[in-house]
Structures are given as structure tokens and as C-alpha cells.
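Following: one structure in C-alpha cells, then a few remarks.
The values are calculated or read from the model by the stated rules, or taken from the named source; none is laboratory data. Note that the coordinates shown come from a computational prediction; the quantities given were computed from them, not determined experimentally. Neighbour counts are summed over all protein chains in view; Cβ atoms, including those assigned to glycine, are modelled from backbone coordinates with ideal geometry. SASA here: full protein model, heavy atoms, side chains in, ligands and nucleic acids out. Shrake-Rupley method; radii C 1.70, N 1.55, O 1.52, S 1.80 Å.
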Amino acid sequence: MNDLRIERASSEAQLADWRTVHNTIIPTAVLSLDEVRERAGRNRLDVAYLGEVAVGCSTVRPPDEETAATVIARTLPGFRERGFGTALYERGLAHARTLSDEGVETVVLASNEEGLRFALARGFVEVERYVLPGDAVPFVTLRLP
């Protein structure tokens, strides 16, 4: 893991790498590069690199009237179980805690069993499931108690 580096997605190349990881992990909610640019304006988007290869990404959404700060860490399947997701999650959690002390949420696609296990192992508890219009696979919202 010594070669792992996590960078804030700010350049076009980093935003494209973030998008590739996101769209691979969440094929039911594929984002365009314009949508990623828009998200980068309101959320913190990070990309994890192993050498020059993007292996994961994360999103930290600030809290609003309805939700706590949200931390989502994604690691590509071939790079899981190596600590990369934990590194992304811990970095995101540290940032989320600077935004609010009202708790932290995460969101995982229900079909991503490894992602659900990851969240549950860190103390998250399921609070809601929802399906986006036109989709069949629900998203699961989990919260740290």
C-alpha cells in the first residue's frame, strides 16, 4: 500500500478517473463528465491511485436539512481487500467530521455485497432503501449511530 496516493479530483484527468471508477461500481447510475464536474463543485471528490492506475474513488457530501454528511468510498473489484477502501474511507470520514458533528451516512448499491459488508463492519446501520426512477436495484443508506 506504500504506492497508494489519494488526490482531490480537480484536473480533467482526475475527474475522468473518478468517473471511470464510479461508473464501474455503480453501473445503474452512470455519470457523464459534465455531471462529475458539477458534483465536484459541491462535493469533495478524491481518487486513489496505485502508481498511475486509478483503483478507487470517494465522495464526501456536506450535510443538508435532510441528511448528515455522507462518505462514500469505492474500490474497483480487482483492488479490494488491500486496504485501499479503508484509506479512502478514513480520509473521507476525517473530512466529513470537519463539516458536521451530526453523524455520518454512506450509500451503497444493494447489489454491491462487498460494499455493504465494508460499511456494516465499520459500524454503519441500515436506515433506508430507495430506488432511483427507472432503476430496479435499490441504494441502501446507512448511518453511523
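Computed values, structure above
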quantity: Matching residues in the range 22-44 - criterion: being without any contact (Cβ under 8 Å) to a residue 40 or more places away in the chain and in contact with a strand residue (DSSP E or B) (Cβ under 6 Å, 6 or more places away or on another chain); calculated: N43
quantity: All positions within the range 112-138 that are within 16 Å of the chain's Cα centre (by Cα) and in contact (Cβ under 8 Å) with a residue 40 or more places away in the chain; calculated: N112, G115, F118
quantity: Test for R42: is it basic (K, R), open to solvent by 80 Å² or more (accessible area, probe 1.4 Å) and closer than 19 Å to T106 by Cβ; calculated: yes
quantity: Options P133, P145, P138; residue that is touching a Gly at 6+ places or on another chain (Cβ under 9 Å) and more than 24 Å from R8 (Cα to Cα); calculated: P145
quantity: Long-range neighbours under 7 Å by Cβ, at least six apart or interchain, first residue touching a residue at least 60 places away in the same chain (Cβ under 8 Å) within the range 65-81, second among the hydroxyl-bearing types (S, T, Y) and open to solvent by 50 Å² or more (accessible area, probe 1.4 Å); calculated: none
quantity: Residues being without any contact (Cβ under 8 Å) to a residue 12 or more places away in the chain and open to solvent by 80 Å² or more (accessible area, probe 1.4 Å) - total across the range 1-11; calculated: 1
quantity: Test: residue in the range 101-111 that is under 17 Å from the mean Cα position of the chain (by Cα) and either open to solvent by 30 Å² or more (accessible area, probe 1.4 Å) or under 18 Å from E7 (Cβ atoms) (or both); calculated: yes
quantity: Selected residue (criterion: surrounded by the fewest Cβ atoms within 10 Å (Cβ to Cβ)) from residues of the range 117-132 that are of a type in the set (A, V, I, L, M, F, W, C) and assigned to a helix (DSSP H, G or I); calculated: A121
